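This report refers to the structure that appears directly beneath it.
What follows is calculated from the coordinates using simple rules that are stated; it is not laboratory data. Please read these numbers as outputs of a predicted model, since none were measured by experiment. Ideal geometry is used to build each Cβ from the backbone, glycine not excepted, and the neighbour counts take in all protein chains shown.
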Amino acid sequence: MALRCSLGMHQGDWEYDYRSSCDQTRQCRNCSNVSTRVHHDFASWDFVDSSDSLTCASERECERCGDTDNEYRHEYQWVYYQDLLKSASGRPASSLLEFAGSMATVYAASKVHPCNQIMACKRCGQPEGSMGMTAMEHVWGRWQMASHGSGSVRVCERCGESEEQD
């Protein structure tokens, strides 16, 4: 018996047992040990159609045997927290509403800076992580001559904060 076989590293080609099956068998060419496994040939992930179009439930199907694999596949992006709260009012009960509700109890909506963002799924609103990743992102207007005559100033279009430069 070869050293590799004694370590469980058998050699040989995997072959499907039947045309529409994902069961495979391999016979080691060194020691004749027979191994079996299931090896699916899955297509790409597709979001599952639902009456709730905000779902992130995804499914893929094996092209050989038709078995399916399911998981939630979120697509995270930065979203302004206040926009997330506003959009929650018209959405069905989901992780978005649960999240917005729990965040509202932690931060009163009036105390959340208008330029505070959170990393949330663009489909369902679920935050990334337990409380979500947050960041501040202003939407700066164009630089303009300062009213006092020296330097330039620009103003955030979301919160009105200004920034000056010489």
_Full-extension gain in nm, ARG29 to TRP14, via 0.36 nm per residue minus C-alpha separation_ = 4.3 nm
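If packing is taken as the average count of other Cβ atoms within 10 Å, what order do 4-13, 113-122 fall into, highest mean first? Walk me through the intermediate numbers first.
Values: 4-13: 12.2, 113-122: 18.6.
Highest to lowest by the protection proxy: 113-122, 4-13.
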